[in-house]
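Enquirer: Here you go, one structure.
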Amino acid sequence: MPTHFLFPTLVYQSPLQRTDLQVFRRKLLRDCERLRYDDKAGIKWSAKNYPGGYSSYGSLSKLHQTLPNFMELERKLRRHVNAYVQELEFDLTNRNLRMTDCWINVMPQHVAHSLHLHSLSTISGTYYLRTPKGCAGLTLEDPRLDRFMAAPPRRADCSAGMRSWCTVPAVAGNVVLFESWLRHEVPPNREASERISISFNYSWF
């Protein structure tokens with residue numbers, strides 16, 4: 001082919017595990033539901049920074065170091081992160097890629113998470129615990145968007161890799177991984193039920 005595929009943006013999506021999926025999810029859900037009411041500092045932080053919802057990002061952001069079920073989640077994520085690293089062709093010889101942050105996100109109806117990236121991290125991701133049917137997915141922005149000059153719109157039927165915005169569906173039990181420089185957002189949750197997930201960062205420095 002005369003056309004070369006250069007500078008790809010790779011996003012990873014897979015079920016966390018093939019067996020006993022519901023059992024482990026229920027354990028993590030119980031932890032999340034307990035923390036959202038017990039974490040007074042997180043409730044206060046969320047009122048200011050995550051209106052209408054709850055996130056432990058500003059209070060308990062290293063859950064993988066303190067709670068057994070989150071420690072187990074880190075162990076289960078390792079094979080997915082390793083597979084993603086292989087696809088990205090990172091050279092991590094004598095480098096230690098490790099989880100640096102892990103926190104809870106609870107999004108009731110109408111709660112959104114505005115466009116952002118995860119600075120000073122290498123790989124970021126989310127594990128979905130509860131995803132009501134029809135709830136918002138993870139919307140990813142083409143990192144070249146601010147450099148397009150005089151570009152006409154894409155065809156309505158263009159492939160996902162050619163779109164300016166792509167949405168990865170939020171599926172309970174699934175893991176999504178992306179490079180931390182990739183800007184992303186979660187549109188408002190339009191469903192009456194809560195959307196609950198655990199997000200995390202990895203870094204090699």
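Enquirer: Give the shape of segment 9-156 as rounded, prolate or oblate, defined through the alpha-carbon gyration tensor: a ≥ b ≥ c are the square roots of its eigenvalues, a/c under 1.5 means rounded, and otherwise the shape is prolate if a/b is larger than b/c and oblate if not. List each step's numbers first, then the result.
Expert: Numbers: a/c = 1.64, a/b = 1.20, b/c = 1.36.
Oblate, because a/c is 1.5 or more while a/b does not exceed b/c.
Enquirer: Here's something else I'd like to know. Work from the charge dipole of the chain (Cβ charges, +1 for Lys and Arg, -1 for Asp and Glu, about the Cα centre) and give the residue of Leu97, Phe24, His113 farthest towards its positive end.
Expert: Phe24
Enquirer: Could you give the dipole magnitude of segment 1-122 about its Cα centre, charging the beta-carbon of Lys and Arg +1 and that of Asp and Glu -1, in debye to the nearest 20? Intermediate results must be reported in sequence, preceding the final value.
Expert: Working: 17 positive and 11 negative charges, 86 e Å.
About 420 debye.
Enquirer: Can you bin segment 113-154 into rounded, prolate or oblate? Criterion: square roots of the alpha carbon gyration tensor eigenvalues sorted a ≥ b ≥ c, rounded for a/c under 1.5, prolate for a/b above b/c, oblate for the rest.
Expert: Working: a/c = 3.49, a/b = 1.51, b/c = 2.31.
Oblate shape, in that a/c is at least 1.5 and b/c is the bigger or equal ratio.
Enquirer: Taking only Cα atoms and a 10 Å spring cutoff, compute GNM fluctuations for the chain and point out the largest among Glu87, Glu141, Glu74.
Expert: Comparing Glu87, Glu141, Glu74 in the GNM, the peak value goes to Glu87.
Enquirer: So for Arg190, Arg25, fewest C-beta neighbours within 10 Å to most, what's the order?
Expert: On the way: Arg190 11, Arg25 19.
Ascending number of Cβ neighbours within 10 Å: Arg190, Arg25.
Enquirer: How large is the charge dipole for the chain, taken about the Cα centre, if only the Cβ atoms of Lys, Arg (+1) and Asp, Glu (-1) carry charge, to the nearest 20 debye? Don't jump to the answer; show the numbers that get you there.
Expert: On the way: 27 positive and 19 negative charges, 87 e Å.
Dipole of the chain, to the nearest 20 debye: 420 debye.
Enquirer: Rounded to the nearest 500, what is the chain's calculated 222 nm mean residue ellipticity when only DSSP H runs of at least 4 contribute -39500 (n - 2.57) each, over all residues?
Expert: On the way: 3 runs with 49 residues, N = 205.
Roughly -8000 deg cm²/dmol at 222 nm, from the helical runs in the chain.
Enquirer: All other residues with a Cβ under 15 Å from the Cβ of Ser59 taken together, and with Lys, Arg as +1 and Asp, Glu as -1, what is their net charge? Before the final figure, lay out the partial values.
Expert: Numbers: positive: Arg34, Arg36, Lys40, Lys44, Lys48, Lys62; negative: Asp31, Asp38, Asp39, Asp101.
The answer is +2.
Enquirer: Turning to a different aspect of this structure: If I take R0 = 41 Å and measure r between the Cβ atoms of Asn94 and Thr167 in this structure, what FRET efficiency does the formula 1/(1 + (r/R0)^6) give, to the nearest 0.05? Mind showing how you got there, number by number?
Expert: Working: r = 37 Å, r/R0 = 0.91.
For Asn94 and Thr167, the calculated efficiency is 0.65.
Enquirer: Counting other C-beta atoms within 10 Å, which of Tyr202, Tyr12 has the fewest, and how do the rest follow? Intermediate values should be presented prior to the final figure.
Expert: Details: Tyr202 24, Tyr12 19.
The most exposed by this proxy come first: Tyr12, Tyr202.
Enquirer: A follow-up question, please. Between segment 106-151 and segment 1-75, what's the alpha-carbon centroid distance in Å?
Expert: Here the answer is 14 Å between Cα centres.
Enquirer: Ok, one more. Going by a ≥ b ≥ c, the root eigenvalues of the Cα gyration tensor, does segment 85-205 fall in the rounded group (a/c under 1.5), the prolate group (a/b larger than b/c) or the oblate group? Each step should come with its number before you reach the end.
Expert: Values: a/c = 1.98, a/b = 1.05, b/c = 1.88.
Oblate is the answer for segment 85-205, as a/c is 1.5 or above yet b/c matches or exceeds a/b.
Enquirer: First measure r as the distance between the Cβ atoms of Arg30 and Trp181, then evaluate 1/(1 + (r/R0)^6) with R0 = 35 Å and state the FRET efficiency to the nearest 0.05. Provide the component values of the computation, followed by the final result.
Expert: Numbers: r = 34 Å, r/R0 = 0.97.
Efficiency, rounded to the nearest 0.05: 0.55.
Enquirer: Taking other Cβ within 10 Å of each residue's Cβ, how do Trp204, Trp45, Trp165 sort, fewest first? Spell out each step's value before the answer.
Expert: Numbers: Trp204 14, Trp45 18, Trp165 11.
Fewest-to-most ranking of Trp204, Trp45, Trp165: Trp165, Trp204, Trp45.
Enquirer: Pairs of Cα atoms under 8 Å, at least six residues apart: use those to get the relative contact order of segment 86-205, whole percent.
Expert: Working: 240 pairs, mean separation 64.4, N = 120.
Averaging sequence separation for qualifying contacts and normalising by length gives 54 percent for segment 86-205.
Coordinate-derived values only; no laboratory data. Small disclaimer: the values here were computed from a predicted structure and weren't measured. Neighbour counts are summed over all protein chains in view; Cβ atoms, including those assigned to glycine, are modelled from backbone coordinates with ideal geometry.
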